[in-house]
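Scroll down for the structure; my scribbles are underneath it.
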Amino acid sequence: MVLPVYVYGMSVLRKTAQEIPEDYEGLDQLIADMFETMRDSDGIGLAAPQIGKSLRLFVVDASPISEDKEEPELKDFKKVFINPYILDEWGDPWSFEEGCLSLPKIREEVSRPSKIRIEYYDEKWNLLEEEYDGIRARIIQHEYDHLDGKLFVDKINPIRRKLLTARLNAISRGKVDCDYKIIFPKK
Ligand code: NI
């Protein structure tokens, strides 16, 4: 089922999300719904707070961007991250233009370290520890931030952010033209 995406201004996006217990009811369905919602809105990553669930869970599927990028491994980068923990981030910081389904139509350059090591459970509750770099690290870092109540606009230069104020306020009033269903704060 395609779920509406919670956008800028919704308090769930600013909360620290809770760990998911292994016996959490309906987890498989929630994960399936998140993949469906992400595909429907042409996203490459989606974190549970973005569909209103304050849980430490995100899904990624970079196959839509695998053709126009130089990283062939993006094609198979379709994964579920449950209770992830970034153990280490290192490498030269690099800038990349990010977007977010919770910030429709906004794209900004964000600087992040180039490499990460992450521990997480997959959808079968196998505990994994992996390293990523390039776009894959970037996607994980972005989604991981959602679990700690952070958005990419928090990380851009303050002048750029100031210039976005009116657009961010418009999003929080639902005044944005996007082709997927959104939930915004009531006036
Ligand atoms: Ni996002």
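One table, with the values for the structure above:
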{"item": "Within the range 133-157, tally of residues that are under 18 Å from Trp94 (Cα atoms) and either open to solvent by 50 Å² or more (accessible area, probe 1.4 Å) or out of contact with any Lys or Arg (no Cβ under 7 Å at 6 or more places or on another chain) (or both)", "result": "15"}
{"item": "Any hit, the range 111-125, residues being away from the ligand (no atom under 16 Å from the Cβ), assigned to a strand (DSSP E or B), buried (at least 19 other Cβ atoms within 10 Å of the Cβ) and of a type in the set (S, T, N, Q)", "result": "no"}
{"item": "Verdict on Phe184 being among the aromatic types (Phe, Trp, Tyr), crowded, with 17+ Cβ neighbours inside 10 Å and within 17 Å of the chain's Cα centre (by Cα)", "result": "no"}
{"item": "Test: Lys105 is at pLDDT below 95 and in a loop (DSSP other than H, G, I, E, B)", "result": "no"}
{"item": "Selection count where residues are assigned to a strand (DSSP E or B) and touching a residue at least 40 places away in the same chain (Cβ under 8 Å), scope the range 60-86", "result": "8"}
{"item": "Residues of the range 47-104 classified as open to solvent by less than 20 Å² (accessible area, probe 1.4 Å) and among the small types (Gly, Ala, Ser), total", "result": "5"}
{"item": "Out of Glu108, Glu130, Glu119, Glu89, sole residue that is without any contact (Cβ under 8 Å) to a residue 40 or more places away in the chain and farther than 21 Å from Ser54 by Cβ", "result": "Glu130"}
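The values are calculated or read from the model by the stated rules, or taken from the named source; none is laboratory data. Everything numeric in this text was worked out from a predicted model, so none of it was measured. Reconstructed Cβ throughout: ideal geometry from the backbone, glycine too, with neighbour counts over all protein chains shown. For the accessible areas, the whole protein counts, side chains as well, though only heavy atoms, and no ligand, DNA or RNA atoms are used. Shrake-Rupley method; radii C 1.70, N 1.55, O 1.52, S 1.80 Å.
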